[in-house]
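Scroll down for the structure; my scribbles are underneath it.
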Amino acid sequence: MNRGTLSRNRKVVLLALAFSMGVFALGWLNAQQYDKALYMQVNLVSSGYVSAPVTDPNLINPWGVSASPTSPIWISNQKTKTSTLYSITDVLAGMGSPFVVAIPKTSTSAGQGPTGQVFNGGTGFPIASSSGTVPSKFIFANLNGTISGWNPGSTGGLANAVIAVSTPGAVYTGLALATAPLPTNAGASASFLYAADFTPPPDGGIKVFDTSFNAYSFGTGTFVDPDLPPLPSDEAWEPFNIANLGGNLFVAYAPLPLSGGLPVPGLHNGVIAEFSPTGTFMSNIAVGGLLDDPWGMAMAPANFGRFSNDLLIGNVGDGKIVGYWPVSSGKWNFRGLVVGTNHYPLSLGTLWSLWFGNGSNGAATNTLYFTSGGPDPSTDGLFGAIIPMNP
């Protein structure tokens with residue numbers, strides 16, 4: 001064999017080796033990306049219909065979730081008209097809620113029970129106390145058209161929230177706090193409370209309250225989405241939830257029969273819109289697609305696997321979580337569905353809240369916590385976590 005043949009053979013061997021190493025490397029990278037796309041569901045607290053470290057009969061059809069920077073997680077239990085608190089550290093040790101807060105009901109509304117909730121770290125949103133007023137530390141929206149506040153120093157004490165707003169005919173299904181500039185005072189700003197009123201037109205919409213719980217308006221035409229798609233003549237788009245994500249307000253719309261009641265379920269039934277805190281429409285982030293009565297909304301941190309830095313949207317209708325990623329100002333692209341370790345999209349029953357931990361009491365900042373009414377929200381409830389397999 002001459003030197004030329006040896007040289008050609010060496011090149012062939014090197015090319016073959018390079019190709020095989022490339023295939024191996026490509027396969028390894030694909031495996032890493034594939035692992036990055038998988039998420040593990042962990043049940044934490046259950047009403048009893050599924051296994052979990054803690055069983056709590058108060059946790060039936062849990063909706064909203066909030067927390068202070070250092071508190072345990074507060075959950076609104078619609079069916080039992082309560083709010084329960086959970087430290088993740090305690091839950092994993094088999095310990096449940098340290099106390100239960102009763103959310104006031106009314107005698108005039110068919111629908112009852114807390115829905116969305118927020119933590120208030122400021123001095124506003126007063127409720128009565130024996131010596132005057134105290135600020136609401138946690139605020140709860142209610143299907144009965146009321147908004148209640150909680151502070152252990154109020155007349156309700158440790159175990160009861162106190163009604164601060166009562167709107168006849170309203171159905172409050174979501175709540176958010178945000179800071180907005182004051183139109184009447186250049187350079188000044190204030191906190192406002194925003195409630196999603198899920199009632200047929202002309203009464204439904206986003207209702208705004210100042211720090212004294214007085215109704216407030218940023219002007220005609222605010223919190224109006226001009227690009228909502230057409231619906232059958234007996235349905236209307238109404239805001240189902242509202243969330244403060246990065247300072248702007250994200251509104252989840254669902255179709256509501258003109259006769260009122262529950263949202264119309266089905267694929268494509270949903271819109272997510274972004275507004276400024278003063279109610280100026282910015283853009284529609286998602287229209288139709290895999291949305292199915294969306295309610296929960298959360299922005300993922302940078303270490304949440306495939307969906308890092310993405311907007312995650314939870315469907316009440318089919319229990320799935322849909323991801324969108326920002327590509328430019330006001331433009332978002334569909335990322336996909338959150339997939340479990342069985343390689344199928346997670347399906348979490350009557351899915352309500354999505355919330356990333358506050359880094360306190362064992363609630364990791366890159367773990368997505370969720371609430372669900374399970375297969376039957378009249379009897380079931382689940383509080384759980386979704387953990388990236390490869391952050």
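The values are calculated or read from the model by the stated rules, or taken from the named source; none is laboratory data. All of these numbers come straight from a predicted model, not from anything done at the bench. For neighbour counting, all protein chains shown are included, and Cβ atoms are generated from backbone atoms with ideal geometry for every residue, glycine included.
Points to keep in mind about this one:
- Given (1) at pLDDT 95 or above; (2) over 13 Å from the mean Cα position of the chain (by Cα), number of the condition Gly357 does not satisfy: (2)
- Residue check for Asp90: at pLDDT below 95 and either more than 13 Å from Phe383 (Cα to Cα) or loosely packed, with under 13 Cβ neighbours inside 10 Å (or both): no
- Scanning the stretch 181-229 for residues that are hydroxyl-bearing (Ser, Thr, Tyr), over 18 Å from Ile139 (Cβ atoms), touching a residue at least 24 places away in the same chain (Cβ under 8 Å) and not in a loop (DSSP other than H, G, I, E, B) yields no hits at all.
- The listed residue being surrounded by fewer than 21 Cβ atoms within 10 Å (Cβ to Cβ), over 17 Å from Pro126 (Cα atoms), of a type outside the set (A, V, I, L, M, F, W, C) and within 21 Å of the chain's Cα centre (by Cα), out of Thr173, Thr179: Thr179
- Among the residues making up the stretch 147-170, those that are in contact with an Asp or Glu (Cβ under 8 Å, 6 or more places away or on another chain) and either surrounded by fewer than 22 Cβ atoms within 10 Å (Cβ to Cβ) or in contact (Cβ under 8 Å) with a residue 40 or more places away in the chain (or both) are Thr167, Gly169.
- Only residues that are over 23 Å from Ser217 (Cβ atoms), of a type in the set (A, V, I, L, M, F, W, C) and in a strand (DSSP E or B) were counted across the stretch 141-180, and they come to 2.
- When each of Gly219, Gly132 is tested for being among the small types (Gly, Ala, Ser), over 20 Å from Phe281 (Cβ atoms), surrounded by fewer than 22 Cβ atoms within 10 Å (Cβ to Cβ) and more than 21 Å from the chain's Cα centre (by Cα), the lone residue that passes is Gly132.
- Test result for Phe307, surrounded by 17 or more Cβ atoms within 10 Å (Cβ to Cβ), touching a residue at least 24 places away in the same chain (Cβ under 8 Å) and more than 15 Å from the chain's Cα centre (by Cα): yes
- Set Asn120, Asn144: member being more than 20 Å from the chain's Cα centre (by Cα) and either in contact (Cβ under 8 Å) with a residue 12 or more places away in the chain or crowded, with 24+ Cβ neighbours inside 10 Å (or both): Asn144
- The set of residues in the stretch 277-304 being surrounded by fewer than 22 Cβ atoms within 10 Å (Cβ to Cβ) and aromatic (Phe, Trp, Tyr) consists of Phe281 alone.
- Screening Asn366, Asn315, Asn390 for residues that are within 26 Å of Trp74 (Cα to Cα), surrounded by fewer than 22 Cβ atoms within 10 Å (Cβ to Cβ) and either touching a residue at least 24 places away in the same chain (Cβ under 8 Å) or in contact with a helix residue (DSSP H, G or I) (Cβ under 7 Å, 6 or more places away or on another chain) (or both) leaves exactly one candidate, Asn366.
- Picking from residues in the stretch 95-113 that are surrounded by fewer than 17 Cβ atoms within 10 Å (Cβ to Cβ) and of a type in the set (Ser, Thr, Tyr), the one that is nearest to Val162 (Cα to Cα) is Thr106.
- Screening Asn120, Asn142, Asn160, Asn185 for residues that are modelled with pLDDT under 95 and either more than 25 Å from Leu249 (Cα to Cα) or not hydrophobic (A, V, I, L, M, F, W, C) (or both) leaves exactly one candidate, Asn185.
- Each residue in the stretch 230-243 was checked for being under 21 Å from the mean Cα position of the chain (by Cα) and either in a loop (DSSP other than H, G, I, E, B) or in contact (Cβ under 8 Å) with a residue 60 or more places away in the chain (or both), and 5 of them qualify.
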